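Before any comments, here is the structure.
Read-outs throughout are calculated quantities, based only on the coordinates presented, and are distinct from any laboratory measurement. Bear in mind the structure is a predicted one, so any value in this text is a computation, not a measurement. Every residue, glycine as well, gets a Cβ built from its backbone with ideal geometry; the counts of neighbours run over all protein chains shown.
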Amino acid sequence: QVQLVESGGDLVQAGESLRLSCTVSGSIGSINVMGWFRQAPGKQRELVARIISGGSTNYADSVKGRFTISRDNAKNTVFLQMNSLKPEDTAVYYCNVIMRSGTMYWGRGTQVTVSS
């Protein structure tokens, strides 16, 4: 069974950094898009960043210039480097992948908490 496992979430102070990782395992095909979403309590889940197989990236305006997404295609892993963290970055961060077939998979999430 295909499984996405996130790691790296933690409790940090404002201004500090974290790096999230997500590894896809199981019997899978070719991955097209890999990305990160986040959801804070009482708020809608939002796209944070995504990276397409060719290397193109997109970022939410709120994180642009602070976060960097990257991927290791050979290892089916996507990363999110988060610098200059702010309290408003506090959320559960979810890994998401879309296969070339169109099938979508979600991770279970990792908690990021930023104190002021």
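What is the gain in length, in nm to one decimal, between M99 and N32 on full extension, counting 0.36 nm per residue of separation less the C-alpha to C-alpha distance? Don't jump to the answer; show the numbers that get you there.
On the way: separation 67, 0.36 × 67 = 24.12 nm, distance 0.51 nm.
Once the chain is fully extended between M99 and N32, it gains 23.6 nm.
I want the local charge near V12. Using Cβ-Cβ distances under 11 Å, sum +1 for each Lys or Arg and -1 for each Asp or Glu among the other residues.
Details: positive: K86; negative: D10, E16, D89.
Value of the local net charge: -2.
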- Computed over the Cα atoms of the chain, the Rg and Dmax in Å are 13.6, 43
- Query: For region 1-42, what mean projected area does the convex hull of the alpha carbons give, in nm²?
  - Reply: 4.6 nm²
- Go ahead and set up a Gaussian network model of the chain, Cα springs under 10 Å, then flag whichever of I52, I69, I28 fluctuates most. I28
- lysines whose Cα lies under 28 Å from that of K43, excluding same-chain neighbours fewer than 8 positions away: K64, K86
- Message: Once you keep just the Cα pairs under 8 angstrom separated by 6 or more residues, what percentage relative contact order results for the chain?
- Response: 36 percent
- List, in order, the whole-Hz ³J(HN,Hα) value for each residue of region 38-54 obtained from phi through the Karplus relation with A = 6.51, B = -1.76, C = 1.60 and θ = phi - 60°; use x for Gly and Pro. 9, 9, 8, x, x, 10, 6, 5, 10, 6, 8, 7, 8, 9, 8, 3, x
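Ranked highest first by the average count of other Cβ atoms within 10 Å around their residues, in what order do 18-24, 31-37 fall?
On the way: 18-24: 18.9, 31-37: 21.0.
Taking the mean over residues of other Cβ atoms within 10 Å, the ranking is 31-37, 18-24.
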- Under 5 Å from the placed amide H of V33, counting only residues 5+ away or on other chains, we find I98
- Label-point separation (nm) for A74 and T57, each offset 7 Å from Cα along Cα-to-Cβ? 2.1 nm
